[in-house]
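The values are calculated or read from the model by the stated rules, or taken from the named source; none is laboratory data. All figures in this text were calculated on a predicted structure; none of them were measured in a lab. Cβ coordinates were reconstructed from backbone atoms using ideal geometry, including for glycine residues, and neighbour counts include every protein chain displayed.
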């Protein structure tokens, strides 16, 4: 489908994105050399029992010593809680490169939840998550904040940020791309994104993005019910992009929902794609 049709549809989707996606997509910041800069993204999730942050595991590898949430009037704050990671460990950057699942979840302490809720309107609920998503001929939105002042600028000393979200309409790559790059469709989602040829939801004019880093941990949203009424469903978390390629890799949200169902909240829908055996091998290996 042409990008021009994406543009016309984006006017219908904008209120949904503003109301739903932007409210649960949080930026994570790095504090280094006495400066704050954008590092990555995460999704703020609520279940019947707890609140969580979902991101790529390589993001959470550094959550304890240099990554935090920038809260207005409070500065950079480390989100306290219990972290559950693929490969069951905090890994170095080189070690994590071999992790194709690369996903993690942080169970938040109540004190952090209270502060987050005062700054962000609503966490995501399971009403807007699609488990065992069938992706044939579907369309998607990637929503996040790449690295660079074009999208995020921290106003030093004022504890405020100016952020412009990256919102990209895209489609899934074909089976050949999965086979060529060693990914499984039951575990990952490969989505077209050419940084040399970007057209966002707001413009048909093509431009270039020099650095896609910072999109790690942002959500992949499936556009549903286009014939009756538009809905957006979270189906994956971005974990990988390689310079010089025209795609990004997401891990299915099923790895998080199934982990939570098995070990924390049994009332969650069971995944058809990710087995208990697979969850154990990913999170307890």
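Looking only at residues in region 48-64 that are under 14 Å from residue 214 (Cα atoms) and touching a residue at least 60 places away in the same chain (Cβ under 8 Å), the one that is nearest to the chain's Cα centre (by Cα) is 55.
Determine whether region 140-154 contains at least one residue that is under 21 Å from residue 58 (Cα atoms), out of contact with any helix residue (DSSP H, G or I) (no Cβ under 9 Å at 6 or more places or on another chain), exposed (fewer than 13 other Cβ atoms within 10 Å of the Cβ) and modelled with pLDDT of 85 or more. The answer is no, given that none of the residues of region 140-154 is under 21 Å from residue 58 (Cα atoms), out of contact with any helix residue (DSSP H, G or I) (no Cβ under 9 Å at 6 or more places or on another chain), exposed (fewer than 13 other Cβ atoms within 10 Å of the Cβ) and modelled with pLDDT of 85 or more. Residue count for region 96-125, restricted to those that are surrounded by fewer than 18 Cβ atoms within 10 Å (Cβ to Cβ) and in contact with a helix residue (DSSP H, G or I) (Cβ under 8 Å, 6 or more places away or on another chain): 3.
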